[in-house]
């Protein structure tokens with residue numbers, strides 16, 4: 001397939017980098033200020049090298065990527081809340097051109113689900129978004145394969161940064177601020193970690209899951225969200241004395257979305273350590289499925305994007 | 001007499017004892033003193049709880065009216081009763097409270113939880129490394145009649161909300177989260 005990639009952060013770059021090995025051709029790559037377009041296939045490494053040197057992938061206007069020749073648009077711009085722009089507009093433009101859209105951007109799927117899912121009705125294109133939940137872990141395709149009507153709940157540890165902080169606090173008896181600073185030094189946490197530690201990122205993923213289970217109806221405003229910023233180390237100590245620990249757990253059902261620190265058995269399934277994520281899918285007929293793995297990162301998320309590209313009708 | 005005898009029931013009482021000489025006797029005396037007939041004592045020496053206590057399971061036969069007295073006498077003797085009987089405390093749940101747990105009147109918090117829905121605070125651990133007038137944490141183990149745990153948790157949430165405390169709940173009712 002010919003791919004246009006909008007967004008040249010860790011995920012967009014990794015998709016561009018891995019596309020060839022999946023048998024695809026990248027015909028356009030855009031960042032926020034520029035685009036590189038070539039209908040015969042871009043020299044991806046040259047564009048990425050240019051991005052490293054000059055901060056721009058190419059010399060074209062970024063809008064040119066949207067009107068370029070492609071079969072599927074990969075939307076990998078940063079997640080925005082509310083109107084979810086410019087991501088939503090990118091998806092709409094591509095679908096109006098009868099092209100497929102694969103999103104890594106959570107905004108449109110969490111905040112404007114019904115509008116987004118109505119677009120393919122008037123288009124030859126499809127929309128997919130596996131990469132928005134759980135990084136490399138096949139969460140949404142698992143739900144899709146089972147049939148959302150046969151899934152009663154999905155819960156899990158869906159933010160690696162928060163999980164890293166909680167694991168370190170529990171293992172070393174250190175305070176939140178200390179561990180967060182360490183996570184920032186290691187590049188596990190961003191300079192502004194609020195999206196992760198306040199639970200917003202996990203909540204967006206759960207909102208997307210709730211939308212899939214209920215065929216829409218949820219946005220971030222409907223989620224009950226608590227983070228881990230004010231969690232004292234003493235809470236983790238008391239939990240450990242009792243064979244338990246605390247994890248930031250998100251839950252999505254047809255009744256709603258809830259994200260917050262929860263007590264879980266110390267050696268239980270949900271007590272994954274470090275940046276690892278885990279998702280539990282409760283099924284009507286087949287009990288509980290546990291899927292765990294890397295929930296973030298460029299190549300990891302790109303693998304989910306490219307799996308979606310592979311699922312598109314040719 | 002025979003009718004009286006036929007009305008006795010057997011109860012399983014689960015205790016956690018300090019690892020000190022004489023503790024087991026101190027736990028068994030109140031049972032006999034209140035008319036309980038000891039059927040068996042399972043003393044799990046060497047199998048310590050995470051807090052270094054020894055779990056002991058006692059099967060007691062007594063008249064249903066006396067069982068409450070037996071449990072009350074154990075608690076009066078500062079014996080940590082984890083579980084008492086099948087019906088009275090059918091479910092248990094452990095929650096954490098964080099925030100200004102101590103200086104927002106901890107005993108009032110506990111009283112209000114106890115007074116709701118037949119719930120009982122069977123264990124409390126407190127950690128206040130910054131002092132009692134700063135942010136601290138408490139771990140509460142609540143027992144309630146079957147079906148009442150949700151009410152007990154709702155009370156905890158309401159009290160915590162009023163006192164600006166955080167409640168960290170287990171994911172599902174105890175045992176619901178598979179290992």
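The values are calculated or read from the model by the stated rules, or taken from the named source; none is laboratory data. Quick caveat, the model's predicted, so the values are computed rather than measured. Don't worry about glycine lacking a Cβ; one is built from the backbone with ideal geometry, like all the others, and counts go over all protein chains shown.
Please tell me if residue A:135 is at pLDDT below 95 and in a loop (DSSP other than H, G, I, E, B). So that I can check it myself, show each step before the final result.
On the way: at pLDDT below 95: yes; in a loop (DSSP other than H, G, I, E, B): yes.
In short, yes.
Would you point out which residue out of B:63, B:34, B:53, B:43 is free of Cβ contacts under 8 Å to residues at least 24 places away in the same chain, surrounded by 14 or more Cβ atoms within 10 Å (Cβ to Cβ) and assigned by TED's automatic domain parsing to the domain that holds residue B:80?
Only one candidate passes the filter, namely B:43.
Give, as residue ranges, the helices (runs of 4 or more DSSP H) completely inside the stretch A:1-113 that count at least 3 residues that are in contact with a strand residue (DSSP E or B) (Cβ under 6 Å, 6 or more places away or on another chain) and more than 30 Å from residue A:222 (Cα to Cα).
Filter on the stretch A:1-113 gives A:10-19.
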task = Give the stretch A:42-55 a look and list any residue that's surrounded by 14 or more Cβ atoms within 10 Å (Cβ to Cβ) and either at pLDDT below 95 or farther than 19 Å from residue A:298 by Cα (or both), or say none.
result = A:42
task = Return the only residue of A:305, A:281 being modelled with pLDDT of 95 or more, buried (at least 21 other Cβ atoms within 10 Å of the Cβ), outside the structural domain of residue A:153 (by TED's automatic domain parsing) and under 24 Å from the mean Cα position of the chain (by Cα).
result = A:305
query = Is the stretch A:277-288 home to any residue that is within 21 Å of residue A:197 (Cα to Cα) and more than 14 Å from every other protein chain (Cβ to nearest Cβ)?
reply = yes
request  = May I ask you to say which residue of B:106, B:96 is within 13 Å of chain A (Cβ to nearest Cβ), under 20 Å from residue A:238 (Cβ atoms) and in contact (Cβ under 8 Å) with a residue 24 or more places away in the chain?
outcome  = B:96
ask   = Can you name every residue in the stretch A:236-268 that is surrounded by fewer than 19 Cβ atoms within 10 Å (Cβ to Cβ) and not in a strand (DSSP E or B)?
value = A:237, A:240, A:241, A:243, A:254, A:255, A:256, A:266, A:267, A:268
key: Count of the stretch A:217-235 residues which are at the interface with chain B (Cβ under 8 Å from one of its Cβ atoms) and assigned to a helix (DSSP H, G or I)   = 3
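Listed here are the residues, each with its yes/no results for (1) surrounded by fewer than 23 Cβ atoms within 10 Å (Cβ to Cβ); (2) assigned to a helix (DSSP H, G or I); (3) free of Cβ contacts under 8 Å to residues at least 12 places away in the same chain.
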{"position": "A:155", "(1), (2), (3)": "no, no, no"}
{"position": "A:161", "(1), (2), (3)": "no, yes, no"}
{"position": "A:168", "(1), (2), (3)": "yes, yes, no"}
{"position": "A:174", "(1), (2), (3)": "yes, no, no"}
{"position": "A:182", "(1), (2), (3)": "yes, yes, no"}
{"position": "A:192", "(1), (2), (3)": "yes, no, yes"}
{"position": "A:196", "(1), (2), (3)": "no, yes, no"}
{"position": "A:202", "(1), (2), (3)": "no, yes, no"}
{"position": "A:206", "(1), (2), (3)": "no, yes, no"}
key: Subset of the stretch B:140-172 (residues that are in a loop (DSSP other than H, G, I, E, B), surrounded by fewer than 20 Cβ atoms within 10 Å (Cβ to Cβ) and either at pLDDT 95 or above or over 16 Å from the mean Cα position of the chain (by Cα) (or both))   = B:147, B:163, B:164, B:169, B:171, B:172
query = Do we find a residue being under 19 Å from residue A:167 (Cα atoms), touching a strand residue (DSSP E or B) at 6+ places or on another chain (Cβ under 8 Å) and within 11 Å of another protein chain (Cβ to nearest Cβ) anywhere in the stretch A:251-261?
reply = yes
inquiry  = Where the second residue is assigned to a loop (DSSP other than H, G, I, E, B) and at pLDDT below 85 and the first is in the same structural domain as residue B:12 (by TED's automatic domain parsing) and lies in the stretch B:67-78, which pairs have Cβ atoms under 7 Å and are six or more apart or on separate chains?
reply    = B:67/B:85
Within the stretch B:1-119, strands (runs of 3 or more DSSP E) holding 3 or more residues that are more than 20 Å from residue B:169 (Cα to Cα) and at pLDDT 85 or above = B:9-17, B:37-43, B:54-62
